[in-house]
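Following: one structure in structure tokens, then a few remarks.
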Amino acid sequence: MSGAPAWTGGCQCGAVRFRVTGLERPSICYCRMCQKAFGNIAAPLVTVAGLTWTRGTPAHFESSRGVHRGFCSECGTPLTFEHYGGVGLAICAFDDASSIVPAYAVGTDAKLPWADDLPSLPGRPAQDATAADARLAKIVSRQHPDHDTETWPPSKPAP
């Protein structure tokens, strides 16, 4: 299988990492259950093929009969939507999420009324916010990099 395309990703802390060989049906779900599971306005998911857990495995919560949602037990990152039709992975858990574009939306009846207005909000890059607020400059990220690493856990920053 050398040379076959593969996509990698994982949770925020790096305790759980995965590799997949196929992507199908990228979507975004606005249903209330996905909103709660992701703590967000929606859940961007892609059905995957050839899933291999390369570091750790997700913990699971049975959110409905026959539906299990996988998450990292270390950092809480939502990772999977598993059901009779296969396994969906959270698009933003991929190392290169920008290349996986949702092709359709589901659960639109629960879409929050302000969701379509988000692109029109004023914004600024994260580094601008940090420069404007000295308190933010003290924050040291422990987020795992967007690529596989040999070791986990990462070293903890000095207090």
Does Glu82 fit the bill of being under 18 Å from the mean Cα position of the chain (by Cα) and assigned to a strand (DSSP E or B)? yes
If you take the residues of segment 50-66 that are of a type outside the set (Val, Ile, Thr) and part of a strand (DSSP E or B), which of them is farthest from His83 (Cα to Cα)? Arg55
Going by the structure shown, is Ala110 surrounded by 12 or more Cβ atoms within 10 Å (Cβ to Cβ) and in contact (Cβ under 8 Å) with a residue 40 or more places away in the chain? yes
Subset of segment 1-29 [in a loop (DSSP other than H, G, I, E, B) and either surrounded by 20 or more Cβ atoms within 10 Å (Cβ to Cβ) or of a type in the set (Gly, Ala, Ser) (or both)]: Ser2, Gly3, Ala4, Ala6, Cys11, Gly14, Ala15, Val16
Here the residues within segment 95-121 that are outside any strand (DSSP E or B), within 18 Å of the chain's Cα centre (by Cα) and more than 16 Å from Arg17 (Cα to Cα) are Ser98, Ser99, Ile100, Val101, Pro102, Ala103
Checking Met33 against (1) part of a helix (DSSP H, G or I); (2) exposed (fewer than 15 other Cβ atoms within 10 Å of the Cβ), which single condition isn't satisfied? (2)
Read through the list (1) more than 29 Å from Thr151 (Cβ to Cβ); (2) modelled with pLDDT of 95 or more; (3) not in a strand (DSSP E or B), then give the number of the only condition that Cys92 fails. (1)
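The values are calculated or read from the model by the stated rules, or taken from the named source; none is laboratory data. Because the structure is a prediction, the values reported are computed rather than measured. So basically every Cβ, Gly included, is an ideal-geometry build from the backbone, and we count neighbours across all protein chains shown.
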